[in-house]
Amino acid sequence: MHLVVCVKQAPDTEALIKLKPDGSGIEEAGIKWVMNPYDEYAVEEALRLKEKNGGDVTIVSLGPARAMESIRTALAMGADKGIHISDPSLDRADAFVAASALAAAIKSLPHDIILCGQRAIDDDSGQVGSILAELLGVPQLTIIMKLEVAGGVAKAVKAIEGAQVVLESALPCVVTAQKGLNEPRYASLPGIMKAKKKPVDVKNAAALGISVEQKARIIKMMPPPQRAAGKIIQGDDPEAKARELVRLLREEAKVI
Amino acid sequence: MGNLLVNGRDQRFVLYEQLGVEKIFQSEKYADYSREVAEMMLGEAEKMAVEDVLPTYDKGDREGCTLKDGVVSVPQCYHQLYKKFCEAGWIAATKSPDIGGQGMPVTLFAACTEPFNAANFAFMMYPGLTWGAAGLIEKYGTEAQKSTYMTRMLTGEWAGTMCLTEPNAGTDVGAIRTTAKRRPDGTFSINGTKMFISSGDHNLTENIIHPVLARIEGDPAGTGGISLFIVPKYRVNDDGSLGEANDVVTGNIEHKMGIRGSATATLNFGENGNCIGELLGEERKGMKIMFLMMNEARLEVGMQGLGHATAAYEHAVQYAKERVQSRPIWEMENPAAEAVPIIQHPDVRRMLLWMKSYVEGIRAMNYFIAYCVDLASIAGTKEEKEKWFGMMELLTPLSKAFSSDMAVEIASLAIDVYGGYGYIQEYPIEQYMRDAKIACLYEGTNGIQALDLVGRKLAQNKGKNAMNLFAMIGETCQAARKCEELKPYAAFLEEAYTSLAGLTMKFKDWSASANMFIPILNARPYLMIMGDVVVGWLLMQAAAISAEKLGSILGADGLSAKPKRRAEARKNSEAAFYEGKLAAAKFFATTVLPAVKGRCRSIEIADKAPLEILEESFSV
């Protein structure tokens, strides 16, 4: 079984994010970068499928030089090889351009299942997996919590409001991973030592033959509005305070 | 990076900027290593420490270990963690790839395990003793012993211990009574009781391999008559499967002040005359062999001290930034002023900076010692090998005793930062103080460490190791004097280390005089002075590097433009980091180092009151 996993490097969830003064993006200096957590589920699921069915796992990542760290991490977890799409012209790619680049790289690879995180925790667009499936002309199973593959069919479970749906798809297909799909393994020390020797192809936009226009443009980034200060209800009588609280929730906050 | 355990930036500073660990990656032995590999390992260790080890910290303490129906159970949450820890390959990390290890440099291993130790040292005792015991078999075992025991210990399938202490033989190991009787097939029948055995019995693994010190019948008394035996909990059949129980019975487990998740057992060997051991190494060489494990274990205990110290400090800083209490001192006259986070109060800042300077100094010291081990192992010449090996030997008692003694102080001060909340179990800080104390006691009490330093290590290599150390401190003084900002502070280091060197010479002169017991009497204060001088040295060395790096961040104006420096540090975390290194070095140089001269003088006075006072007069 040929498994391909798309991996993005994103700021650590604990990282303190500062915006550039001109609002064009975030300050990258001093940020700790990690593999997007949803992509970790995708890598883990691919490794489990490989362990069960045999085959190989290829990691594809679009990003600047530092993205190689996430590829190596995935290789250290047990993936077999990597493709690093690195091109300054793609550094600020929107979801469509990113998916186009990934699709161009994946087309030339044998692929039965392509796994992605359901979204990246940096810009939260959640579109790349779906666009990628469209560009490759294959079905998509998105935001998946459980996956079984047998007899050329992928069977996946997805949570919807108040229920779960079970989806089936022929292969090849794109699967995007949701939290709960599995518990990602650590890269082991032997895995880290072996990862160095695994092949990673570095490709630029020209080598992939892509030149696409951005569909979306970031006009400005700004922090969310500051929360207003809380209100403390004064007084000694608990009953009166409770009555005042209810009144405020009803009349001012309009939540009850 | 804010993980409440370890400052990852400072770890990297010591590794890459202060020690220059990348130099050893150039050697043939460590050619598979690079900064990239090191970063991945540090990252994986930190991740596992935060996500998997830390959650077991208070759980393991509350649950503790139990002995029921002959089975010792560790805290439930340790099982899954142990499996993950072994699967990730940490037990064999520093071992040669030929025997299933990763050949990791000791320096890198020290850095990788720091967050583990900080997250839960009680848990780390289990793998820690296993890699130590496996190391003995690696070095002294026969091929059969290696394939039977060592390989399965290095995967974590089986665990290990070290069995020295007996009810009447702790510090005085030579007094042990455990015996080994020759059996016709060349094995030995072991009989005796060992106590305070860390990881002595537990249900994490199906077998436990005990290296046991015992005296073969007829061998002389004292340490020269002791041999070492491999005694498995369950015998191993020729095909590698587990055989019958080997008559190793757990008498009890201790109820301890701290590290409660670590099972400390009394083990009865051969109560039914049915305990079989194999000789490890040569007969009557047991103590020498065991010392290999003990020396490594002492450095691990030093790393334990560092682990508790850094976790206590990181917790205290975080708390001080969040806890709002009292108006600031400059608003003393203004009752309407708002309360501020306690990190703004001078006394809290002083406590935090005191902790920061010690934690960072102790980190640098322990990494430096590990680096000496690596430098010795890749040295090209005999002289170089001797130099770095000697440095490691000299500093081993400091690593063990100074790190652990200071860890208790640091944990205690961290409680002070929390105030009353620090004393209650809702907050994690009291546990660090309880867990830290054991490190002062086991692996040779800190009093014994001081005697090892003063009685053996100072004079080793004709005193050359100590002279090498003083020469390195002198070089740092010289470098720091060239920096305008550090010049006045370098003078304090200069005064401190020359005072210590003077005292050290006195010790030598006294060795054949009426004052010959003064160094023994004052071994522990001497060790603590030396610890302060070494910490002061490494902080100054770090400050000199930091001043240069900060200078290049600041550009043309350099370090002299104070307002610009403060503005830069507020927006640039790198600048803030280097400012922190300078502050720690200056604080230490002006608050701790000036006392060194007086402390040396107090020993040089050579008063004998503690020797002369009658036992009757201690408490009448």
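The values are calculated or read from the model by the stated rules, or taken from the named source; none is laboratory data. None of the values given here were measured: they were computed from a predicted structure. Don't worry about glycine lacking a Cβ; one is built from the backbone with ideal geometry, like all the others, and counts go over all protein chains shown. Each accessible area value is taken on the protein alone, full model and side chains, heavy atoms only, with ligands, DNA and RNA left out. Shrake-Rupley method; radii C 1.70, N 1.55, O 1.52, S 1.80 Å.
Residue-by-condition table, conditions (1) within 22 Å of the chain's Cα centre (by Cα); (2) under 27 Å from B:A320 (Cα atoms):
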| residue | (1), (2) |
| --- | --- |
| B:E333 | no, yes |
| B:A337 | no, yes |
| B:P341 | no, yes |
| B:V359 | yes, yes |
| B:C372 | yes, no |
| B:L375 | yes, no |
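Taking the criterion of being open to solvent by 10 Å² or more (accessible area, probe 1.4 Å) and within 14 Å of chain A (Cβ to nearest Cβ), the only residue of segment B:114-151 that qualifies is B:W131. Flag not set for B:V248, criterion: open to solvent by less than 10 Å² (accessible area, probe 1.4 Å), in contact with a Phe, Trp or Tyr (Cβ under 7 Å, 6 or more places away or on another chain) and at pLDDT 95 or above.
Scan segment B:56-78 and tell me whether some residue there is within 14 Å of chain A (Cβ to nearest Cβ) and out of contact with any Gly (no Cβ under 6 Å at 6 or more places or on another chain). For segment B:56-78, residues within 14 Å of chain A (Cβ to nearest Cβ) and out of contact with any Gly (no Cβ under 6 Å at 6 or more places or on another chain): absent.
Scanning segment B:8-38 for residues that are β-branched (V, I, T) and either touching a strand residue (DSSP E or B) at 6+ places or on another chain (Cβ under 9 Å) or facing another protein chain (nearest Cβ under 10 Å) (or both) turns up just one, B:V37. Of the residues that sit in segment B:550-609 and are away from chain A (no Cβ under 14 Å) and assigned to a loop (DSSP other than H, G, I, E, B), which one is nearest to B:F507 (Cα to Cα)? Across segment B:550-609, the extreme among qualifying residues is B:A606.
Conditions (1) crowded, with 20+ Cβ neighbours inside 10 Å; (2) of a type in the set (K, R); (3) more than 21 Å from A:D123 (Cβ to Cβ), marked per residue:
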| site | (1), (2), (3) |
| --- | --- |
| A:M35 | yes, no, no |
| A:K50 | no, yes, yes |
| A:G54 | no, no, yes |
| A:G63 | yes, no, no |
| A:G82 | yes, no, yes |
| A:I85 | yes, no, no |
| A:A101 | yes, no, no |
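Going by what's in this entry, would B:L299 be described as open to solvent by 10 Å² or more (accessible area, probe 1.4 Å) and either of a type outside the set (A, V, I, L, M, F, W, C) or not assigned by TED's automatic domain parsing to the domain that holds B:M528 (or both)? Taking the combined requirement at face value, the residue satisfies it. Here B:S513 passes the criteria (1) among the hydroxyl-bearing types (S, T, Y); (2) modelled with pLDDT of 95 or more; (3) open to solvent by 30 Å² or more (accessible area, probe 1.4 Å) except the one numbered (2).
For A:S188, are the conditions met, namely being open to solvent by less than 40 Å² (accessible area, probe 1.4 Å) and either in contact with an Asp or Glu (Cβ under 7 Å, 6 or more places away or on another chain) or closer than 30 Å to A:L19 by Cα (or both)? Against the criterion (open to solvent by less than 40 Å² (accessible area, probe 1.4 Å) and either in contact with an Asp or Glu (Cβ under 7 Å, 6 or more places away or on another chain) or closer than 30 Å to A:L19 by Cα (or both)), A:S188 qualifies.
If you check A:I210, A:I256 for being in a loop (DSSP other than H, G, I, E, B) and open to solvent by 60 Å² or more (accessible area, probe 1.4 Å), only one passes: A:I256.
Scanning segment A:191-207 for residues that are within 14 Å of another protein chain (Cβ to nearest Cβ) and open to solvent by less than 100 Å² (accessible area, probe 1.4 Å) turns up A:G191, A:I192, A:M193, A:A195, A:K196, A:K198, A:V200.
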